[in-house]
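**Student:** Let me give you the structure first, and then I'll get to my questions.
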Amino acid sequence: RDSAIQIFDKFMSVMLTENRQSESDTNFISYAVAVSVVLSSKLHESRRQLSLLSFQDFRIDMLKHFERLILSKIGLSIAPQTTPTSFVSELLLLWQPNSDHTTIIKIADSLIAEFWEG
């Protein structure tokens, strides 16, 4: 989630400086969001790996186009280790290196999700 938001935000920041109309184009934003989620999924190991084919209501040629567009516009600059969730995990390891932080991470993740949705 955090990486997808990071990718989408970075891409839209570039696009809005080039073309303010992209912010009101729901089709454009839908493709950008879908591809941001796929790119994020590729960065993280997961039981449920997403691909461009996961979005059956979208045209595959447009998804491929957006994947290339996003990666070129953000200059391949994706840093999954600089997300809020990663920061919390690293901070907890520094604080108590040999402890189980599952409960604290779940609470922090819930708060981060609430922030992103707010």
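**Student:** From the residues in the stretch 58-81 that are open to solvent by less than 60 Å² (accessible area, probe 1.4 Å) and of a type in the set (Val, Ile, Thr), which one is modelled with the highest pLDDT?
**Tutor:** Per the stated criteria, the residue is Ile70.
**Student:** Could you list all residues from the stretch 11-25 that are modelled with pLDDT under 75, of a type in the set (Ser, Thr, Tyr) and over 16 Å from His65 (Cα atoms)?
**Tutor:** Passing the criteria: only Ser24.
**Student:** Testing Pro84 on (1) more than 22 Å from Phe115 (Cα to Cα); (2) within 15 Å of the chain's Cα centre (by Cα); (3) surrounded by 15 or more Cβ atoms within 10 Å (Cβ to Cβ); (4) at pLDDT below 70, one condition comes back false. Which one is that?
**Tutor:** The one condition Pro84 does not meet is (1).
**Student:** Considering each residue of the stretch 87-101, count those that are at pLDDT 70 or above, of a type outside the set (A, V, I, L, M) and assigned to a helix (DSSP H, G or I), and give that number.
**Tutor:** The qualifying residues number 1.
**Student:** Asp109: assigned to a helix (DSSP H, G or I) and modelled with pLDDT under 85, yes or no?
**Tutor:** On the way: assigned to a helix (DSSP H, G or I): yes; modelled with pLDDT under 85: yes.
Here the answer is yes, as Asp109 does meet what is asked.
**Student:** Let me confirm something: among Phe28, Phe55, Phe8, which residue is at pLDDT below 80 and among the aromatic types (Phe, Trp, Tyr)? First the steps, then the outcome.
**Tutor:** Numbers: Phe28 fails: at pLDDT below 80; Phe8 fails: at pLDDT below 80.
Residue meeting the stated conditions: Phe55.
The values are calculated or read from the model by the stated rules, or taken from the named source; none is laboratory data. All values derive from a computational prediction rather than experimental measurement. We place every Cβ from the backbone using ideal geometry, glycine too, and count neighbours over all the protein chains shown. For the accessible areas, the whole protein counts, side chains as well, though only heavy atoms, and no ligand, DNA or RNA atoms are used. Shrake-Rupley method; radii C 1.70, N 1.55, O 1.52, S 1.80 Å.
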